[in-house]
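Since the structure comes first, as structure tokens, the remarks are kept for the end.
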Amino acid sequence: MSAGNGRPVGVALIGTGMWASQIAAAAKRAGLRLVTCYSRDADRRRAFAEGAGCGAAPSLRVALEHPEVEAALILTPNDTHAEIALACAERGLGVFVEKPIADTVEDAERMAAACAEAGVTLMVGHAFRRLGAARRVAELISDGALGQVVLAEATFSLPGVLTPEKWRSRRERNPGGPLMQLGIHHVDTLASWPGEPVAATGRFAHLHSEADIDDVGVVTLRMASGSLAAVTGSYVSPKTFALRLSGTRAVLDYRADFSVWPDAKRLDAVTTLTLDGEPVAFEERDMLAEELSELGRCVRTGAAPETGAAEGIGALRAIRAALEAAESDAAWQPAPR
């Protein structure tokens, strides 16, 4: 993404874990230039840099102060997002942060305020709304094909190895488990269809994983449109990605064969979309490349991103509200018979 001056936007990738290679490849497809990377593990960052063809900075400060870096791609654990984003804002750098925007709403609001004051881009990685199937659903809703959408059901499961050294396996660092990491994508996509969530409740449970973490969860939402939604997620079930919208005129089903994950650019190719059982055609899109291409445009032009601070905070607030609701009635038990 050269945005008019012929020079690609230079980015620093912060956090070289399992998702970094996918984002690096998408950045290349988007026309960004990966200048350097940083993670605390020196061996991991050197190996990543060699594979990605970029520099390996010895510290976060060195990565962010590289003269060719205009924005940072933050792929670190949730509870580190805020401090890194603030460091970027202090240096006048644009920020792309993976979802959730932060660990807490308060941290997210600090990030939003700092980036706004510095006049830099803050984009949140809620990419699933950019899939071709998701865009087609938005068109169908706008065209009235479903009538009034009254109910949404969405589920997202992705099993993984939750060993003790992984931050996702620690309850205090990953509250809400699969809803905070997976279901939050559905929350954002639903917000882009029938309106943002305005109320949330939830239930979370630890059923199967060896890690002391909630490995399944259910969040119920009331949307701005008045419709209701249920979002579920699991860390211990086979890969599943599906949504159903019930309208007053028709029912829409949206399902992806998530076995292709993490190859995000293939998702639309293995997705089926039906309206009352009839197939619906849609254009295949590269959600990660599209969001990073937009990042480059926003960094250079000052335009507002589609998924900025407000969208990131809205999705996070819904999950946090569901967690608070679950905690408030955790002591309830049915009366003995």
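Tabulated values for the structure
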{"quantity": "Most fluctuating residue given options P67, P197, P305, as computed from a GNM of the chain linking Cα atoms under 10 Å", "calculated": "P67"}
{"quantity": "Solvent-accessible area of S328 with every protein chain in place, 1.4 Å probe, in Å² to the nearest 10", "calculated": "100"}
{"quantity": "Distance (nanometres) between label positions extended 7 Å along Cα→Cβ at D79 and E139", "calculated": "4.4"}
{"quantity": "GNM flexibility winner over the chain from G31, G226, G277 (Cα, springs under 10 Å)", "calculated": "G277"}
{"quantity": "Where the chain is the region considered: accessible area per residue in Å², 1.4 Å probe", "calculated": "44"}
{"quantity": "Computed label-point distance, nm, for sites S59 and Q148 using a 7 Å Cα→Cβ extension", "calculated": "6.0"}
{"quantity": "Sites D212 and D276, calculated FRET efficiency, Cβ-Cβ separation with R0 56 Å, nearest 0.05", "calculated": "0.80"}
{"quantity": "Segment 235-315, accessible surface, carbon-and-sulfur percent (1.4 angstrom probe)", "calculated": "49"}
{"quantity": "Relative contact order of the chain, defined on C-alpha pairs under 8 angstrom at six or more residues apart (%)", "calculated": "19"}
{"quantity": "Debye intensity ratio I(q)/I(0), log10, segment 1-145, q values 0.14, 0.16, 0.19 Å⁻¹ (C-alpha model)", "calculated": "-0.68, -0.85, -1.12"}
{"quantity": "Förster-model FRET efficiency, 35 Å R0, D329 and R266, C-beta, rounded to 0.05", "calculated": "0.25"}
{"quantity": "Relative compactness, the chain, computed as alpha-carbon Rg over 2.2 N^0.38 Å", "calculated": "0.99"}
{"quantity": "Candidates R297, R249, R129: whichever shows maximal mean-square fluctuation once the chain is modelled as a Gaussian network with Cα springs under 10 Å", "calculated": "R249"}
{"quantity": "Label-to-label distance, nm, for residues given as V251 and K28 (7 Å Cα→Cβ offset)", "calculated": "4.4"}
{"quantity": "Of all accessible heavy-atom area on segment 70-147, the percent that carbon and sulfur account for (1.4 Å)", "calculated": "46"}
{"quantity": "Dimensions (Å) - segment 135-259, Cα atoms, principal axes, largest first", "calculated": "49, 31, 20"}
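The values are calculated or read from the model by the stated rules, or taken from the named source; none is laboratory data. Every value quoted in this text rests on a predicted model; they were computed, and no experiment measured them. Cβ atoms come from the backbone with ideal geometry, glycine included; neighbour counts cover every protein chain shown. The area values use the complete protein model at the heavy-atom level, side chains included, leaving out ligands, DNA and RNA. Shrake-Rupley method; radii C 1.70, N 1.55, O 1.52, S 1.80 Å.
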